[in-house]
Amino acid sequence: MNDRLVWCSRQKNGIRLIEPNENLTFAYLKKSEEAMEAMHSVTSLEWKISAGYYSLYFSLYAVLMKIGIRSENHTCTFEIMKVLLAGFFTLEECDLVEEARQARVETQYYVSSDIPENFSSILIQQVPRFHVKCKGISDALNERQIQNLRETYRNMIDRGATPPSPS
């Protein structure tokens, strides 16, 4: 059981199963590419981090669209990555996305930041790799795998939503 996934499934803008959508998969990969281009073209550390984060996020979201999972809550989106898609992503990749999210929040909403100067260099190196990986995952997922992932998600939520039986 994953309490966070259950919580996410109960939120207004949390995780929902929708119809898998190839067009949205393609559109989010395109958004990721545009954010990656922005990351390379801006000089401000704040905007490099923000664009790098959104490139990562849109790449991941493309995979979710391929499966037919909608999540308007970034934390819930990452929970899906860590739990349901653990067979596709490494712990290091999950950590990178979470660190990029934290760095984006830190640089976007606060004047002073504790983000290491070299973090933008890490993003510049890792964002294209992550994009290519997500594109590869999206291209490789077949109908059977998609249905298995959707069923696994339903089972996780059903198990988590059922109160424990009395002893």
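Here are the numbers for this structure:
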| quantity | calculated |
| --- | --- |
| Within segment 26-135, GluC sites (Glu not before Pro) in DSSP loop having at most 11 other beta-carbon neighbours inside 10 Å | Glu117 |
| Furthest towards positive pole of dipole, Phe119, Leu141, Ser32, structure part segment 3-161, Cβ charges | Leu141 |
| Using a Förster distance of 41 Å, the FRET efficiency for Arg159-Thr43 (Cβ separation, nearest 0.05) | 0.25 |
| FRET efficiency, Glu19 to Asp114 (Cβ-Cβ, R0 41 Å, nearest 0.05) | 0.45 |
| Backbone HN-Hα couplings from phi across segment 11-23 [Karplus 6.51/-1.76/1.60, Hz, Gly and Pro as x] | 7, 3, 10, x, 7, 9, 7, 10, 5, x, 9, 4, 5 |
| Where labels lie 7 Å past Cα in the beta-carbon direction, separation of Val132 and Glu72 in nm | 3.5 |
| Only Lys, Arg (+1) and Asp, Glu (-1) charged, at Cβ; segment 1-85 dipole about Cα centre in debye | 260 |
| In sequence order, calculated HN-Hα J values of segment 34-45 (Karplus, 6.51, -1.76, 1.60; Hz; x Gly/Pro) | 5, 5, 5, 4, 4, 4, 6, 8, 7, 9, 5, 4 |
| Dipole magnitude of the chain about its Cα centre (Cβ charges: Lys, Arg +1; Asp, Glu -1), debye to nearest 20 | 560 |
| Across the chain: Cys residues that no other cysteine approaches within a C-beta distance under 4.7 Å | Cys94, Cys134 |
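No lab work stands behind these numbers, since they all come straight from the coordinates. All of these numbers come straight from a predicted model, not from anything done at the bench. Virtual Cβ from ideal backbone geometry, glycine too; neighbours counted across all protein chains shown.
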